[in-house]
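See below for the structure under consideration.
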Amino acid sequence: MIEIMQALVLGVVQGLTELLPISSSAHLNLIPWIFNWQVPESFDVALHFGTLLAIGLFFFNDWISLIKGGYKQVVKKEKTTEGRMFWYIVIATLPGGAIGFLLDHFLGDSLAKMPLLIAIALIIMGIILYIVDKKAPSKTKYEDMTFKQTFLIGLSQALAFIPGVSRSGVTMTTGRMMGVDRESTAKYSFMLSAPIVLGATLYKFKDFVFNIPFAVGVVASFLVGLLVIKFLLRYLQKGSFKVFAIYRVIVGLAIIMLYITRM
């Protein structure tokens, strides 16, 4: 049984790491490994539900506009930016979500128990994120994203089944590679994650244990997630992904050193 303090710590960590490109799966697997905590898999999904609520609330007006636009585009044949982006998100979610689900289903549990692999993934993706972000142009805004850009970003989500890669990290990296500006690629990454996290939540709902630690973890991830979304979108108006890339490398190296000492 997970304790309240453990739930609080993991909830805060989820809120911080799910929305920043530093891999929540890495942190949620590594922290129990470091402290020898026993955390049920369903609790991980519950924490993701907390950040899903944060995305839903923060972008509530955007979601309403997207849904209305998508409906009008099909029923009334009215073409709008919101309608186009709604269907881009739907289409981009399908392949990446399906492939990622299958890979995670067959390999996810075994990979999550390999801290050395997680550390290497953190380092490699950190280096790739830094190089891509530094060299890529910022020529496309959120509302101007093309089908090709949104589809490839969505497809890249499949790599998130590897703990340490990070769904937000790989989608933001792909977005930057496609020339999308930093703030726009972050916003699209947030919006794109919602359908998959919602699907995972519904799939694992029967396994949830609705107790005090559950509530503490979900609320913590929700509140911290709200703050992180606001921070990141504001920060990326002028800042880069460099600090997150450096953090990934440092954590990866620290985990490798800890792994060696435990051998």
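Bear in mind these aren't lab numbers, they're just calculated from the coordinates by the rules spelled out. Fair warning: this is a prediction, and the values are worked out from it, not measured in the lab. As a convention, Cβ positions derive from the backbone with ideal geometry for all residues, glycine included, and neighbour counts pool all protein chains shown.
Calculated from the structure, Cα extents along the principal axes in Å equals which of (1) 60, 43, 34; (2) 56, 46, 37; (3) 62, 44, 42? Of the labelled values, this structure produces (1). Using the Karplus relation 6.51 cos²θ - 1.76 cosθ + 1.60 with θ = phi - 60°, the per-residue 3J(HN,Hα) values for the stretch 194-200 come to 4, x, 5, 5, 5, x, 5 Hz, with x marking Gly and Pro.
In what order do Glu82, Glu143 fall by count of nearby beta-carbon atoms within 10 Å, going from fewest to most?
Details: Glu82 18, Glu143 10.
Lowest to highest Cβ neighbour count: Glu143, Glu82.
State whether the stretch 27-101 is rounded, prolate or oblate according to the following rule on the C-alpha gyration tensor (a ≥ b ≥ c being the square roots of its eigenvalues): a/c under 1.5 gives rounded; otherwise a/b larger than b/c gives prolate, and the remaining case gives oblate. In terms of gyration-tensor shape, prolate. Applying both filters, DSSP loop and at most 13 other Cβ atoms within 10 Å, to the chymotrypsin sites (Phe, Trp or Tyr not before Pro) of the stretch 1-62 gives Trp37. The helix-based estimate of mean residue ellipticity at 222 nm for the chain, built from -39,500 (n - 2.57) per DSSP H run of four or more residues and divided by its residue count, is -25000 deg cm²/dmol to the nearest 500. Any idea what angle helix 115-135 forms with the longest principal axis of the chain, computed on alpha-carbon atoms, 0 to 90 degrees, nearest 10? Roughly 30 degrees, rounded to the nearest 10.
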